[in-house]
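Structure first, then comments.
A short reminder: the numbers here are calculations on the coordinates, not readings from a lab. Model, not experiment: these values are computed from the prediction. Quick reminder, even Gly has a Cβ in these numbers, built from the backbone with ideal geometry, and neighbours come from all protein chains shown.
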Amino acid sequence: MESKQVLLRGPTRAQGGPGHGRQAMWNKRFSRARRGVKVLVLCSLPAFLLFQLLMVVLIMESPIQPDLLRLSDPPVMGGCYQPNLELRAAQRLFEDQIAGPESIVNIGDALYTGTADGEILKLVGNRSYVVARLGRPPCGSREAEPVCGRPLGIRVGLNQTLFVADAYLGLFEIDPTTAVVSRLVVGGQLVAGRKLTFINDLDVSRDGRTVYFTSSSSRWQRRDYLQLIMEAPADGRVLQYDMDSREVTVVMDNLRFPNGIQLLPDQKSLLVAETTMARIHRVHVSGLQQGQVDVFAENLPGFPDNIRPSSGGGYWVALSTVRPNPGFSLMDFLAPRPWLKKLAFKLFSQEVLMNMAPDYGLVVELDENGICLCSLHDPQGLLVAHVSQAHEHDGYLYLGSFRAPFISRLQLSKA
């Protein structure tokens with residue numbers, strides 16, 4: 001029996017012997033090593049993916065080749081530029097009925113504007129009428145914009161006709177009564193060796209014989225205006241069209257995003273907003289100083305768009321994007337960092353970058369010497385933001401915006 005018991009217990013003692021302990025130890029070590037490998041892989045994977053993303057970003061070609069710019073520090077928003085809530089008293093007109101009314105004029109009590117869907121509208125009371133369509137449908141998308149057209153600057157001429165600058169299609173004269181449309185200048189044509197790629201604003205001489213206009217870039221179209229601002233090429237121009245000879249000539253060259261334009265009362269000089277540089281030039285177009293250029297206003301608290309006369313003898317300047325100080329101005333931060341601009345356009349779409357600009361409404365009135373008289377604000381852009389033009393008529397200031405689905409109207413006696 002004892003022998004039998006020993007035989008029965010033998011295997012049991014063998015399973016708990018030294019060999020089994022060593023096996024268990026190796027199993028534990030293997031398990032720990034396997035867990036360590038998992039942790040290492042899990043920790044390394046994000047770094048590996050980030051490295052791969054970085055390599056892709058570095059290899060990708062940026063759509064822009066920006067210049068290095070040095071802007072002055074934005075002016076402190078105090079004194080004449082002190083923030084207020086004046087624009088909060090404005091009233092929205094035709095809300096959600098019109099798209100992106102960039103520029104506004106009036107003939108009598110009727111307002112006229114161009115919209116993002118390529119139409120020239122007449123606005124009377126609470127009703128709107130289509131006066132003309134410069135391009136052809138479909139409209140409403142980035143891809144269709146060059147064919148649909150994008151009316152920007154609009155003026156009233158000597159004979160109560162409308163002069164319109166379309167970013168893609170050219171300069172037009174429109175009879176608002178008969179709706180007859182005449183094209184004066186074809187967009188995209190070569191002038192002095194460079195294309196009219198982005199026609200922007202215009203003004204017409206008092207005698208009706210000359211149309212001055214801006215070509216914001218020969219490289220970038222309007223739909224790529226953010227690339228134009230970021231790249232900041234000095235390829236913008238001021239040009240003139242002679243109504244008699246039908247010739248287009250260059251008045252001023254090498255501007256960084258020339259935008260709004262306004263003839264002075266003497267008709268011998270005009271103001272030109274250089275948006276990227278946050279300043280306004282005075283260009284002498286006739287007389288003894290013809291060809292000379294001087295700075296009318298510089299280091300503005302925002303990037304200037306259209307310029308229009310005020311009833312006080314000065315000028316309303318719409319600042320489409322603010323340069324807050326105190327605060328952070330993305331455009332000023334990026335100006336001396338071209339590598340960061342390139343990176344931004346590799347990582348983000350134009351729409352995302354556009355939304356980084358603060359919603360802010362700002363219009364300033366400058367006197368005949370470029371000195372600030374007053375400023376009107378909506379600091380959070382709750383009612384008015386990204387103003388592209390301020391047009392004064394009959395005691396009201398009508399505000400257009402290329403991004404808004406409405407026109408704003410401010411009663412100046414209450415501002």
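Once the piece of chain linking Lys195 and Met354 is laid out straight, how much longer is it, given 0.36 nm per residue of separation minus the C-alpha distance between them?
Details: separation 159, 0.36 × 159 = 57.24 nm, distance 2.61 nm.
Difference between extended and current length: 54.6 nm.
When the Cα atoms of the stretch 327-391 are aligned to their principal axes, the ranges along those axes come out at 42, 28, 23 Å in descending order. According to the Kirkwood relation over distinct C-alpha pairs, the hydrodynamic radius of the stretch 257-299 is 10.3 Å.
Proximity of backbone amide H atoms, modeled 1.01 Å from N, is registered between Leu152 and Ala165, Asp166, Ala167 at under 5 Å, excluding neighbours fewer than 5 places apart on the same chain.
In terms of Cα atoms, the Rg and Dmax of the stretch 171-237 work out to 13.9, 42 Å.
Computed over the stretch 251-382, the P(r) curve from all C-alpha pair distances, binned at 5 Å from the origin, holds 2, 10, 18, 20, 18, 14, 9, 6, 3, 1, 0 percent per bin.
Largest first and in whole Å, the equivalent-ellipsoid semi-axes of the chain read 63, 23, 22, each the square root of five times a Cα gyration tensor eigenvalue. For the stretch 225-269, taking Cα atoms only, Rg and Dmax work out to 13.1, 38 Å respectively.
Pairs of Lys residues in the chain are counted when their Cα atoms are under 29 angstrom apart and they lie 8 or more places apart or on different chains; the count is 6. The stretch between Asp367 and Ala234 holds 45.1 nm of extra length on full extension. This uses 0.36 nm per residue minus the Cα-Cα distance.
Backbone phi angles across the stretch 209-215, fed through the Karplus curve with coefficients 6.51, -1.76 and 1.60 (θ = phi - 60°), yield HN-Hα couplings of 9, 9, 10, 9, 8, 9, 10 Hz in residue order; Gly and Pro are listed as x.
Note on Asp244 and Leu382: their simple-model spin labels are 5.6 nm apart, each label 7 Å out from Cα toward Cβ.
For a modelled paramagnetic label at Cys80, 7 Å from Cα along Cα-to-Cβ, the residues of the stretch 283-298 in reach, with backbone nitrogen under 14 Å, are 296-298.
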